[in-house]
Amino acid sequence: MNCPCLIALALIASLSPAAGPVSGVIRDASGAAVPNVTLQLLNSAQAVIAAARADSQGRFQLARVGPGDYVLLVARRGQVERRLPVTIGEAASELEVILDDQPRRDTVTVTASAGAVGLAERAPQAVSLIDRSAIEQRAKTVVAQIANEEPGLAWQRTSPTISGIFIRGLTGNKVNVFVDGVRYSTGAMRGGINTFLDLVDPATIEAVEVLRGPSSAQYGSDALGGSIQFRSPAPLFSDSGAWHGSLGAFFNSSDAGYGSNASGSYSKSRFGMLASLTGHRANRLRTGRQIDSRSAVTRFLGLPSTSGFAGRTPDSAFTQYGGLIRVYWTVGGDSQIIGHYQRSQQDGGKRFDQLLGGDGNLIADLRNLMLDLASVRYNKGRLGPLDNFSATYSFNAQREERVNQGGNGNPLAAINHEPERTRVRGVQSNTGKRVNDRWSVFFGGEYYHERIAAPSYSYNPANHTVSVRRGRVPDNSRYENGGAYLQNTLEVLRGKLQVVGNVRWSAAAYESRAADSSLLGGKPLWPNDSLRSDSATFRIGVVATPAPGLNLVGNVSRGFRAPHITDLGTLGLTGSGFEVAAPDVAGLGGTVGTTAGADAVSTGIPVAQVKPEISLGYEGGVRYRNSRVSTEAMLFAMDINDNVVKQALILPPGAVGKRLGSDPITSQSANGVVFVAASTSPVLVRANYDDARLWGLEYRLDVRASRDWALGGVFTYLHARDKRTGLAPNIEGGTPPPNGYFRVRYTPAGRKFWIEPSLHAANDQKRLSSLDLSDRRIGAARSRGNISSFFQNGATARGLVRGGLLLATGETLAQVQNRVLGAAASAPLYTRLNGYATLNLRAGWRVGERQDLVFEIENIFDRNYRGISWGIDAPGRGLYLRYGVHF
């Protein structure tokens with residue numbers, strides 16, 4: 001809602017395809033005509049159907065189009081583009097578009113119901129709409145920051161470069177991601193993070209829509225928590241040929257970061273091209289009060305983090321750069337081809353939580369994270385009796401190399417290299433038909449084929465030898481997923497009651513072959529393994545409008561998540577610790593532990609390959625909107641059955657020395673819990689161990705108190721429990737605490753600036769699972785063995801220990817262990833995630849018609865805090881500046 005203008009649609013007309021061109025007029029709030037406004041009509045796939053420019057009298061004419069729902073994009077120099085829903089139906093009429101200076105939130109969604117354009121307030125499912133101005137203000141370093149200031153969403157930050165977005169308490173592989181309708185998520189996704197999410201650069205996206213709640217019936221496997229939909233910009237078409245562009249630059253004092261972006265477009269009546277380049281550098285982060293709350297020196301030695309470093313956080317810098325090109329070509333009256341290529345790369349990233357920020361290791365590199373995403377889409381307005389048709393081919397390549405050395409900082413420990421490259425080829429097609437003025441159908445399907453290259457090797461710094469090892473997942477693994485779907489939208493009572501129904505069949509298949517493995521001791525590093533799964537999902541949504549501006553919504557939906565390559569084949573270091581897959585412990589007599597911690601005992605349940613997760617969600621809410629107030633309250637509940645969780649692996653006595661892939665077991669507790677050198681946490685295994693229930697409340701309020709003053713806020717409450725024990729479930733990433741934002745904006749009439757103070761507050765999260773408590777990023781559990789390992793390795797290598805004594809205190813190892821743990825054998829550093837409140841000040845200034853300056857003072861009181869499953873603390877007090885010019 002940060003646009004300096006509101007473009008309100010005074011009349012949404014219905015026009016027949018035989019009635020001639022679509023015409024209309026642009027006026028300001030006083031009724032005067034507004035000239036030189038550019039308009040484009042887009043369908044739900046963001047194909048440009050028609051374009052026009054208002055004349056000196058504010059009048060415009062769009063070419064004849066077929067019946068359906070469209071987005072009318074209105075662009076005026078010096079103002080932010082706005083999107084309005086337009087229905088083209090049976091009777092001819094004019095459009096009247098009113099421009100005024102009241103800031104409003106974008107309200108048009110093209111993803112809440114697949115293939116449809118509509119108002120978010122009349123969507124049967126909760127949806128967050130994040131426009132370009134909000135992206136620029138929130139995403140200071142990475143794109144995942146767009147989750148801030150939205151109900152039901154939370155930013156997850158494992159490292160400076162790797163993030164995720166929580167939707168209703170779920171993240172990672174329980175949330176799927178799309179870019180312009182092309183699936184961005186892959187079967188190589190990890191459980192609690194999305195490694196490649198931040199390679200979608202904020203400067204290359206126009207808007208984001210986030211569907212909150214199970215969305216598998218619309219968007220397939222993984223959408224248990226919801227779905228994230230990125231939308232790229234489109235060029236502005238012109239009959240005579242036109243150039244447009246923008247330049248931007250920013251500085252962020254929190255990480256001494258800086259960057260810039262440039263974009264340009266050229267278009268004529270039948271052709272348009274847009275290109276952009278972007279790059280930024282994030283240097284070392286300054287956290288609140290310059291404290292690292294989970295520092296290895298605090299966790300294992302009981303010393304303040306400043307004993308390990310002072311000032312800015314080490315190993316938190318990185319560089320990111322990339323670009324985007326999009327081509328639109330109208331090949332016929334109602335046919336268009338859209339080409340898309342996107343390239344992005346991150347260099348210099350590190351897993352700070354595995355270094356001094358958690359485990360105390362010496363090496364944890366994230367090298368050469370790269371993205372190549374390309375697609376070609378064909379859109380046709382009419383195909384026989386169908387109103388529209390779309391077909392897309394896509395290619396998605398995501399590459400990384402992880403380099404790790406474990407042993408809590410042992411300089412002689414093996415250095416493991418795990419390069420991975422996932423290639424995905426996809427095809428999809430959909431079509432729709434408006435049967436009559438109350439009933440429309442939309443149906444289609446997609447198929448994605450994935451192959452992951454994951455060779456791995458180990459370097460021994462003691463004898464300078466290199467050996468082949470088992471990678472995180474089996475090399476050359478294959479993963480396929482796809483489905484077919486049908487959507488019906490019925491206006492039962494025109495403008496009063498709408499029902500939307502979706503059904504989908506989804507399927508996935510996985511295969512890894514021992515023949516693709518190198519041999520170690522004459523045996524392959526992994527066995528043959530395969531799995532096929534499928535499921536039917538549905539959604540039924542109802543929207544009732546008993547009075548103008550008032551909408552009552554309800555939704556029941558079934559979600560589905562097929563096991564990924566990560567679920568079925570992971571062996572190695574992950575965000576939660578060292579993990580094994582069922583095939584890797586076959587024949588060892590392994591069972592599932594009762595918890596994810598060192599206190600686990602055997603459940604007696606044999607380790608077996610996981611099966612799909614199924615969810616059933618219910619939500620209901622109320623939305624109200626008038627000229628001054630816009631508000632939404634949603635109450636939801638969701639059951640996840642056969643929840644895939646990480647539990648401790650239990651092995652029979654005598655497991656020490658046996659290998660899990662290439663890593664030997666270094667120790668075993670009396671309960672059978674086993675450990676390897678790479679992690680301080682127990683070895684974990686995935687299992688369909690429990691059923692979970694999540695429920696919560698989401699609330700949003702925007703009020704225009706007067707012409708100059710506005711206020712707003714959001715609040716989210718979540719509660720998650722294991723349905724068997726009542727305790728917090730072992731869902732990766734944990735559960736975000738109750739939190740909210742409150743802001744007040746002053747925009748003086750006739751002036752070119754605005755100012756907005758805001759408060760962000762979160763409560764304590766006391767409901768931590770056993771997985772959370774053992775996670776280095778949350779509870780940061782440690783044992784006497786862990787303390788000994790860091791004391792003798794990482795602390796010694798960093799000069800904190802000499803001659804068997806901790807220099808800061810003069811203590812021996814035994815004295816440090818007793819001071820840190822007392823009489824306990826192990827304990828978490830934290831048993832809760834501490835709450836916090838931060839005060840922030842944001843402001844903007846329009847310099848003429850073409851230039852904008854935004855600044856923000858963040859975390860004014862320099863509060864130290866972190867979110868759930870963050871691997872680094874939040875930025876401290878800092879100044880953010882952004883300058884942009886448009887032409």
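The values are calculated or read from the model by the stated rules, or taken from the named source; none is laboratory data. All figures in this text were calculated on a predicted structure; none of them were measured in a lab. Cβ coordinates were reconstructed from backbone atoms using ideal geometry, including for glycine residues, and neighbour counts include every protein chain displayed. Remember, those area values only see protein heavy atoms, side chains included, never the ligands or the DNA or RNA. Shrake-Rupley method; radii C 1.70, N 1.55, O 1.52, S 1.80 Å.
Values for this structure:
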item	result
Number of the exception - Asp475 against (1) outside any strand (DSSP E or B); (2) open to solvent by 60 Å² or more (accessible area, probe 1.4 Å)	(2)
Subset tally (residues that are open to solvent by less than 40 Å² (accessible area, probe 1.4 Å) and either farther than 30 Å from Val468 by Cα or of a type in the set (Val, Ile, Thr) (or both)) for region 515-573	22
Evaluation of Val622 against (1) open to solvent by 10 Å² or more (accessible area, probe 1.4 Å); (2) farther than 30 Å from Ala825 by Cβ; (3) touching a helix residue (DSSP H, G or I) at 6+ places or on another chain (Cβ under 8 Å) (one fails), failing number	(3)
Among the candidates Arg745, Arg704, residue that is charged (D, E, K, R), farther than 29 Å from Arg866 by Cβ and buried (at least 20 other Cβ atoms within 10 Å of the Cβ)	Arg704
Single match in Arg190, Arg168 (criterion: at pLDDT 95 or above and either farther than 26 Å from Gly248 by Cβ or aromatic (Phe, Trp, Tyr) (or both))	Arg168
Filter result for Gln145 (open to solvent by less than 10 Å² (accessible area, probe 1.4 Å) and out of contact with any His (no Cβ under 7 Å at 6 or more places or on another chain))	no
In region 582-591, residue nearest to Gly572 (Cα to Cα) [restricted to those that are of a type in the set (A, V, I, L, M) and over 30 Å from the mean Cα position of the chain (by Cα)]	Val585
Residue list for region 717-737, restricted to those being among the polar types (S, T, N, Q) and surrounded by fewer than 23 Cβ atoms within 10 Å (Cβ to Cβ)	Thr725
Region 416-451, subset among the acidic types (Asp, Glu) and crowded, with 19+ Cβ neighbours inside 10 Å, residue farthest from Leu362 (Cα to Cα)	Glu446
Strands (runs of 3 or more DSSP E) contained entirely in region 642-717, each with at least 3 residues that are farther than 30 Å from His417 by Cα	684-704
Odd one out for Ser227 among (1) assigned to a strand (DSSP E or B); (2) surrounded by fewer than 16 Cβ atoms within 10 Å (Cβ to Cβ)	(2)
Checking Gly587 against (1) open to solvent by 10 Å² or more (accessible area, probe 1.4 Å); (2) over 30 Å from Val492 (Cβ atoms); (3) not in a loop (DSSP other than H, G, I, E, B), the condition it does not meet	(3)
Filter result for Ala296 (surrounded by 17 or more Cβ atoms within 10 Å (Cβ to Cβ), closer than 30 Å to Phe60 by Cα and in contact (Cβ under 8 Å) with a residue 40 or more places away in the chain)	no
Neighbours by Cβ (under 7 Å, 6+ apart or cross-chain): first from region 738-764, more than 18 Å from Leu153 (Cα to Cα); second hydrophobic (A, V, I, L, M, F, W, C) and open to solvent by less than 20 Å² (accessible area, probe 1.4 Å)	Arg745/Ala710; Phe753/Ala843; Trp754/Ala843; Ile755/Ala843; Glu756/Ala843
Number of the exception - Ser133 against (1) in contact with a Pro (Cβ under 8 Å, 6 or more places away or on another chain); (2) over 27 Å from Arg423 (Cα atoms)	(1)
Per-region count, region 470-503, residues of a type in the set (S, T, N, Q) and free of Cβ contacts under 8 Å to residues at least 12 places away in the same chain	0
Near pairs, Cβ below 6 angstrom, 6+ apart or cross-chain, from region 617-629 (closer than 13 Å to Leu701 by Cα) to any residue that is of a type in the set (Ser, Thr, Tyr)	Tyr624/Thr631
Residue tally, condition touching a residue at least 40 places away in the same chain (Cβ under 8 Å), out of contact with any helix residue (DSSP H, G or I) (no Cβ under 8 Å at 6 or more places or on another chain) and part of a strand (DSSP E or B), over region 244-258	9
Selected residue [at pLDDT 95 or above, of a type outside the set (A, V, I, L, M) and touching a helix residue (DSSP H, G or I) at 6+ places or on another chain (Cβ under 7 Å)] from Gly799, Gly794, Gly810, Gly803	Gly794
Residue in region 256-301 that is nearest to Ile338 (Cα to Cα), counting only those that are aromatic (Phe, Trp, Tyr) and over 24 Å from the mean Cα position of the chain (by Cα)	Phe271
Search result, residues across region 748-760 that are closer than 18 Å to Tyr699 by Cβ and open to solvent by less than 40 Å² (accessible area, probe 1.4 Å)	Ser758, His760
Breaking point among (1) within 30 Å of Arg777 (Cβ to Cβ); (2) modelled with pLDDT of 95 or more; (3) open to solvent by 10 Å² or more (accessible area, probe 1.4 Å), for Ser512	(3)
Positions within region 826-858 being within 30 Å of Ser770 (Cβ to Cβ), polar (S, T, N, Q) and surrounded by fewer than 17 Cβ atoms within 10 Å (Cβ to Cβ), in sequence order	Thr831, Asn834
Test result for Gln79, open to solvent by 20 Å² or more (accessible area, probe 1.4 Å), at pLDDT below 80, farther than 19 Å from Thr204 by Cβ and in contact with a Pro (Cβ under 8 Å, 6 or more places away or on another chain)	yes
Count - residues of region 771-789 that are in a helix (DSSP H, G or I), touching an Asp or Glu at 6+ places or on another chain (Cβ under 9 Å) and farther than 17 Å from Pro736 by Cα	1
Unique residue being under 21 Å from Leu277 (Cα atoms) and touching an Asp or Glu at 6+ places or on another chain (Cβ under 8 Å) when the list is Asn408, Asn404, Asn368	Asn368
Qualifying position, being within 20 Å of Ser269 (Cβ to Cβ), of a type outside the set (Val, Ile, Thr), modelled with pLDDT of 75 or more and part of a loop (DSSP other than H, G, I, E, B), among Gln46, Gln40	Gln46
Criterion: touching a strand residue (DSSP E or B) at 6+ places or on another chain (Cβ under 6 Å) and either open to solvent by 10 Å² or more (accessible area, probe 1.4 Å) or in contact (Cβ under 8 Å) with a residue 60 or more places away in the chain (or both) - qualifying residue of Asp201, Asp239, Asp180	Asp201
Leading residue by the ranking (most open to solvent (accessible area, probe 1.4 Å)) among those in region 313-363 that are farther than 30 Å from Ser679 by Cβ and of a type in the set (Phe, Trp, Tyr)	Trp329
